[in-house]
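Asker: After the structure tokens below, expect a handful of questions from me.
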Amino acid sequence: AAAVALLLALACPALAEERIDNFISDVTVNADASLSARESITVFAEGNAIRRGILRDFPTIYTDKRGVRVKAGIEVIEVRRDGRPEPFAIETLSNGKRIRIGDKDAYLDRGPHTYEIAYRTTRQIGFFAEFDELYWNVTGNGWTFPIIRAAVIIRLPPGARIRQHSAYTGYEGSIASDAAVTAANGSEYRAQTTRRLEATEGFTVAVAWQKGLVTPPGDADKLKWWVSDNAGYA
């Protein structure tokens, strides 16, 4: 009896672990250089950190290779939980935006819940001399519980040919690549992690294609953005 009790005590923490079981990011690169994205995030709630809902953080402020401050845009289209519309609010963080998802007056049932977040984002594409590239942080690195599996689909404009691609896993700045690429033909790229990601570990991919399919910003846009992004930071 004592042995059985010990085994049960050892098993309970593992069974009670809150986690993301599946994280899928489906991203379409539009000809106007915007992205249309939909995330499907299946969590297992135990009533600890995941009580009323989840927090999805999006870093939208960064410094480019020239040391210039850049602010990407994001517009949330809809949020759903288990197929139904879910309340959400947008909060401002020091480095971006947070989507606070859930009803403050309702607790989640213990078990799995799938959240879908649809949004549009801008200024995510890098325009280089010989190719254009999307460097995409699939999961973000702000999660406080593990991610069992993460996957990404990047849909490029018609006629695209993928020239090069990379995938990275781990803590911010890691160059490890515990991921498998399942498609990199024509205009579609697919990859998924091959190990569990621990809290604050993330999954990032980079996909490059030939120029001429996505409209780059003009000089007037670049000047307007520079003034807006760096006001008070010069």
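Asker: Does Arg66 satisfy the criteria of being closer than 21 Å to Ile125 by Cα and basic (Lys, Arg)?
Answerer: Judged against the criteria, Arg66 is a match.
Asker: Please go through the range 145-164 and give me each residue that is in a strand (DSSP E or B) and within 17 Å of Phe127 (Cβ to Cβ), ordered by number. So that I can check it myself, show each step before the final result.
Answerer: Here is the first cut: in the range 145-164, the residues in a strand (DSSP E or B) are 147, 150-155, 162-164.
If the condition is that a residue be in a strand (DSSP E or B) and within 17 Å of Phe127 (Cβ to Cβ), then Ile154, Ile162, Arg163, Gln164 are the ones that fit.
Asker: For the range 98-121, which residues satisfy the criterion of being open to solvent by less than 70 Å² (accessible area, probe 1.4 Å) and closer than 30 Å to Ala31 by Cβ?
Answerer: Arg98, Ile99, Tyr115, Glu116, Ile117, Ala118, Tyr119, Thr121
Asker: If you don't mind, another one. Could you go through the range 49-57 and let me know if any residue there is closer than 30 Å to Val214 by Cα, in contact with a strand residue (DSSP E or B) (Cβ under 6 Å, 6 or more places away or on another chain) and in a loop (DSSP other than H, G, I, E, B).
Answerer: No, the conditions are met nowhere in the range 49-57.
Asker: Going by the conditions given, is Gly67 touching a residue at least 12 places away in the same chain (Cβ under 8 Å) and part of a loop (DSSP other than H, G, I, E, B)?
Answerer: On the way: touching a residue at least 12 places away in the same chain (Cβ under 8 Å): no; part of a loop (DSSP other than H, G, I, E, B): yes.
In short, no.
Asker: Take the range 187-234 and flag every residue that is touching a residue at least 60 places away in the same chain (Cβ under 8 Å), loosely packed, with under 13 Cβ neighbours inside 10 Å and in contact with a Pro (Cβ under 9 Å, 6 or more places away or on another chain).
Answerer: Selection gives nothing.
Asker: Turning to a different aspect of this structure: Kindly provide the set of residues from the range 122-144 that are hydroxyl-bearing (Ser, Thr, Tyr), in a loop (DSSP other than H, G, I, E, B) and open to solvent by 20 Å² or more (accessible area, probe 1.4 Å), ordered by number. Before you say what the answer is, go through the steps one by one.
Answerer: Initial filter on the range 122-144 (hydroxyl-bearing (Ser, Thr, Tyr)): 122, 135, 139, 144.
So of that shortlist, the ones also in a loop (DSSP other than H, G, I, E, B) come out as 139, 144.
The answer is Thr144, and nothing else.
Asker: Here is a follow-up. Any residue in the range 110-135 that's without any contact (Cβ under 8 Å) to a residue 40 or more places away in the chain and under 21 Å from Phe203 (Cα atoms): show its pairings with residues that are open to solvent by 70 Å² or more (accessible area, probe 1.4 Å) and not in a loop (DSSP other than H, G, I, E, B) at Cβ separation under 8 Å, as long as the two are six or more apart or on different chains.
Answerer: So the pair list comes out as Gly126/Tyr135.
Asker: Identify all residues within the range 39-56 that are of a type outside the set (Gly, Ala, Ser) and buried (at least 17 other Cβ atoms within 10 Å of the Cβ); write none if there are none. It would help to see each step written out before you state the result.
Answerer: Residues of the range 39-56 of a type outside the set (Gly, Ala, Ser): 39, 41-44, 46, 48, 50-52, 54-56.
Those that are of a type outside the set (Gly, Ala, Ser) and buried (at least 17 other Cβ atoms within 10 Å of the Cβ): Glu39, Ile41, Thr42, Val43, Phe44, Glu46, Ile50, Ile54, Arg56.
The values are calculated or read from the model by the stated rules, or taken from the named source; none is laboratory data. Because the structure is predicted, anything quoted here is derived from the model rather than measured. Cβ atoms come from the backbone with ideal geometry, glycine included; neighbour counts cover every protein chain shown. To get the accessible areas, we keep the full protein, side chains included, count just its heavy atoms, and leave off ligands, DNA and RNA. Shrake-Rupley method; radii C 1.70, N 1.55, O 1.52, S 1.80 Å.
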